[in-house]
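Student: I have a structure I would like to understand better, so I am pasting it below and will then ask my questions one at a time.
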Amino acid sequence: MLLTTGCGGPEKVVLGSWSGQYDLDNERIQSEIQLLNAQDRAQAETQLRAMQFTLDLKKDNTYVLTIDMLNTSGAVTGSWYINDDSTIVTLKPPQLDQEMRDQARDAGILSAMLVGQDLFVSEDTGTLAGSTNGGGFLNGIKFNRNE
């Protein structure tokens, strides 16, 4: 049973605005980067560091995820829910307009954007850490709450 009602439930832990970027110490990110030659590895790390994410989780169980990468930015929206013990937030796949669909396809992440995204909640550190349920693009991203 998933709980998504009222702001007194488990979702109060995660409501609000979060800023994220790739955690280059993440095991999956490191394993993929290590497959590259030295020059490509440096370029990949620079590009990953340059990507910024803002996630707004709203009371009505909708979200806005803004992605700033290099010289472009875009936003996707969708709905979200949190499990009963407040440990996993799931972002349902966003509805992409044609322009976002084209950009995601060109970036090679379209199929990853069309699956749900799990974010693990850490109340101890005040972070959301991206994982996947089937291969999502938020894997390896760490979000910190905006003040």
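Please treat every number below as a calculation from the coordinates, not as lab data. Since this is a predicted model, take the numbers as computed values, not measurements.
Student: Report, by chain and number, residues whose modeled amide H sits under 5 Å from the one on SER79, excluding near sequence neighbours (fewer than 5 apart, same chain).
Tutor: Correct list: TYR63, LYS92.
Student: So, one more: I need the phi-derived Karplus couplings for region 36-47: 6.51 cos²θ - 1.76 cosθ + 1.60, θ = phi - 60°, integer Hz, Gly and Pro marked x.
Tutor: So the J values, rounded to whole Hz, are 8, 6, 4, 5, 5, 4, 4, 5, 4, 4, 4, 5.
Student: Could you give P(r) for region 10-145, binned at 5 Å from zero, as whole percent values over all Cα-Cα pairs?
Tutor: 2, 10, 19, 25, 21, 13, 7, 2, 1, 0
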